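I have placed the structure first, in the form of structure tokens, so that the comments after it can refer back to it.
The values are calculated or read from the model by the stated rules, or taken from the named source; none is laboratory data. Model, not experiment: these values are computed from the prediction. Because the Cβ atoms are built from the backbone with ideal geometry, glycine has one as well, and the counts that use them run over all protein chains shown. Keep in mind that these areas ignore ligands, DNA and RNA; they rest on the heavy atoms of the full protein, side chains included. Shrake-Rupley method; radii C 1.70, N 1.55, O 1.52, S 1.80 Å.
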Amino acid sequence: MTEPGPREGDSREPLPVGGAGEGAPAEGVAQPSYGLSPEDEEAFSHFYRAYVPRLTAYLVYQGAPVDRAGEFVQDTMVKAYRSWREIRSHKSWAYTVAYREFVRHATRVEEPVEEVPESTTLLCRPEATESWLQEQEIVRVLRGLPARQRQVLALMLDGWKPAEIAKLIGIEGAAVRSNLFKARKAVAQHLARREED
């Protein structure tokens, strides 16, 4: 849907997206809504709050550095907002788009994966919680798995059911179950070795 042009006799220059001047929205100037109703705006806002942390964790589990995962998720959310009314399954769409963005980037650029980035507004400070250390252990274990096993286990950890995973990534349910079995076995072996040490 295209934005309406200036009204006749309106001599003001169009404002950049995000507001006027120093990045603050100009008072009385509506921001582009891409034709979303107030209900759609509310639905997107709820979706954003619920899925930004989950999508970020999912991409980190796939091997994305935390700061880059946050960027991929933000790009995905911008695209979701712009196409909100055309998307049938927002959850599946967002996971697919974010993962494709990660894969596209991963095939172009190699970045160190052990580096801990500066904290961002999307992610809590790593030193602030004990759970961060547990997350890092999960990330290390997942990164040691083959890509498909890592993908299905990360989705399972996020609450997806095997049938949903199969539909999302386009493989048979039996393949999902097989990869989950192998991934769980590898994780169990890793934990057993760690306890022995």
Within the stretch 175-190, residues open to solvent by 60 Å² or more (accessible area, probe 1.4 Å) and either more than 23 Å from Glu137 (Cα to Cα) or within 24 Å of the chain's Cα centre (by Cα) (or both) come out as Arg177, Arg184
Output the number of the condition that Arg82 fails; it satisfies all remaining conditions of (1) under 11 Å from the mean Cα position of the chain (by Cα); (2) touching a residue at least 40 places away in the same chain (Cβ under 8 Å).
(1)
From the list Ile165, Ile171, which one is assigned to a loop (DSSP other than H, G, I, E, B), closer than 26 Å to Thr107 by Cβ and either in contact with a helix residue (DSSP H, G or I) (Cβ under 7 Å, 6 or more places away or on another chain) or free of Cβ contacts under 8 Å to residues at least 40 places away in the same chain (or both)?
Ile171
Exactly one of Leu133, Leu123, Leu142 is part of a helix (DSSP H, G or I) and either open to solvent by less than 60 Å² (accessible area, probe 1.4 Å) or modelled with pLDDT under 50 (or both), and that residue is Leu142
Could you please give the count of residues in the stretch 75-100 that are more than 25 Å from Ala163 (Cβ to Cβ), crowded, with 17+ Cβ neighbours inside 10 Å and not aromatic (Phe, Trp, Tyr)?
1
Do we have Glu8 as open to solvent by 70 Å² or more (accessible area, probe 1.4 Å), more than 28 Å from the chain's Cα centre (by Cα) and at pLDDT 50 or above here?
no
